[in-house]
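Working notes, structure below.
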Amino acid sequence: MNLKTFNAHFANIFEKLDNVFLDIGEVESIDRAGVMALARLHNESIVKAKKLSIIGLGCKELYDHFKTQEDSTVAA
């Protein structure tokens, strides 16, 4: 249910805004589908040359995903 709401809220967000700040400080846990939704939003921001800032300590799963992506980009 949360994923459906998230996707609806952020659909075409970069058509409306150039900068998006997403505070995940209150997120206690996130499943793979949620991480992938944020990753898609991140990729969309890159493709459209928009700024996406994910702030807050949030949950470890999300940090681990983006840290792994960063590490694989540096190694390539």
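The values are calculated or read from the model by the stated rules, or taken from the named source; none is laboratory data. Not measured: the values here are computed from a predicted model. Please note: Cβ atoms are built from the backbone with ideal geometry, for glycine as well, and neighbour counts cover all protein chains shown.
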Unmet requirement for Asn19, which otherwise passes all of (1) at pLDDT 95 or above; (2) at positive phi; (3) not hydroxyl-bearing (Ser, Thr, Tyr): (2)
Within the range 43-54, is even one residue touching a Phe, Trp or Tyr at 6+ places or on another chain (Cβ under 9 Å), surrounded by 11 or more Cβ atoms within 10 Å (Cβ to Cβ) and modelled with pLDDT under 90? yes
